[in-house]
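Here the structure is laid out as structure tokens; the discussion comes afterwards.
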Amino acid sequence: MPASLLRTLADLDIDLHGFDVTPEMVTEARRVMTELGRPAEHVWEGSVLDPGAYGSAAAEPYDAAICIGVLPHVQPDDDTVVLARLREAVRPGGLVIVEARNQLFGLFTLNRYSRDFFLSELIRPQTLAGADPTALRAALEELDQRFRTDLPPVRGGREREPGYDEVLSRTHNPLVLREQMGAAGLGDVRLLFYHYHALPPMLERHMPEVFRAQSLALEDPEDWRGHFMASAFILVGERTP
């Protein structure tokens, strides 16, 4: 949704600016913010990787920089670049707030995300020196049988547009990203989880009403179970001098 975050903040007595890399999103966001009584020129086109994009409308450093729905769609090597750009955009003591999809959630889902996490992050078959290729292949095939690798269904797009799972849509390890924020010069980093799941999602069909009610009841951003039962998280850090 264009300006999804800005529109929720528009009733606060604070100055708001925002940018997006997609021109269509910028056009719609300007329309929305104008209807809410905010200047259209406070929304512009830009990339989080471009240091010039952050200062297009603000003369002074920001009190806070909020990056929602962006990190899943940047290349792994660019995570540290984005964090550095966000830090540079705020004043000393200002806040940097980033959101990401929780990679550790794959340890709870028991589906293709789990299989992918086991292979790429834990086992790393390419590092098993001396393993017989036939035996290794048999072991990995048996591992696949432990997960519902057909779930969740791949989300396709409409007509000639790619769907969410057909473009770059990464998950992040919250423990690693927290360390990266610290290395980028952000202190007092808080890890906050959201979108909890009372059961692995594939089991929702057995009791959908209970699943939804109990999942909402679990919403506690600082519950340690969020490392595994929440599909997303937010990190909040303060720019050090």
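The values are calculated or read from the model by the stated rules, or taken from the named source; none is laboratory data. Quantities reported herein were computed from a predicted structural model and do not represent experimental measurements. Cβ sites come from the backbone with ideal geometry, for glycine too, and all protein chains shown count toward neighbours.
Couple of notes before you dig in:
- Sole exception among (1) among the acidic types (Asp, Glu); (2) assigned to a loop (DSSP other than H, G, I, E, B); (3) under 24 Å from the mean Cα position of the chain (by Cα) for ASP63, by number: (2)
- The residue of the range 197-233 that is farthest from GLU99 (Cα to Cα), among those that are under 20 Å from the mean Cα position of the chain (by Cα) and among the polar types (S, T, N, Q), is SER215.
- Candidates VAL90, VAL32, VAL82, VAL98, filtered to the one that is over 21 Å from ASP188 (Cβ atoms) and among the β-branched types (Val, Ile, Thr): VAL32
- Restricting attention to the range 76-100, the residues that are buried (at least 18 other Cβ atoms within 10 Å of the Cβ) and charged (D, E, K, R) total 4.
- Index of the failed condition, HIS73 passing every other in (1) assigned by TED's automatic domain parsing to the domain that holds GLY182; (2) out of contact with any strand residue (DSSP E or B) (no Cβ under 6 Å at 6 or more places or on another chain); (3) within 23 Å of PHE193 (Cα to Cα); (4) crowded, with 19+ Cβ neighbours inside 10 Å: (4)
- Within the range 193-241, the set of residues being touching a Phe, Trp or Tyr at 6+ places or on another chain (Cβ under 8 Å) and in a strand (DSSP E or B) comprises PHE193, TYR194, ALA230, SER231, ALA232, PHE233, ILE234.
- For ARG7: the one exception among (1) surrounded by fewer than 20 Cβ atoms within 10 Å (Cβ to Cβ); (2) within 16 Å of the chain's Cα centre (by Cα); (3) outside the structural domain of VAL189 (by TED's automatic domain parsing): (2)
- Annotation: of all residues in the range 10-54 being part of a helix (DSSP H, G or I) and of a type in the set (A, V, I, L, M, F, W, C), the one that is surrounded by the most Cβ atoms within 10 Å (Cβ to Cβ) is ALA29.
- Verdict on PRO39 being out of contact with any helix residue (DSSP H, G or I) (no Cβ under 8 Å at 6 or more places or on another chain), within 19 Å of SER4 (Cα to Cα) and not charged (D, E, K, R): no
- Scan of the range 166-202 for residues that are farther than 20 Å from ILE68 by Cβ, of a type in the set (A, V, I, L, M) and loosely packed, with under 13 Cβ neighbours inside 10 Å, ordered by number: LEU175, ALA183
- For the range 106-155, the helices (runs of 4 or more DSSP H) that sit wholly inside it and include 3 or more residues that are touching a residue at least 40 places away in the same chain (Cβ under 8 Å) and of a type outside the set (D, E, K, R) are 106-109.
- Any pair with Cβ under 7 angstrom, 6 or more apart, that starts in the range 187-207 at a residue that is among the charged types (D, E, K, R) and ends at one that is at pLDDT below 95: none
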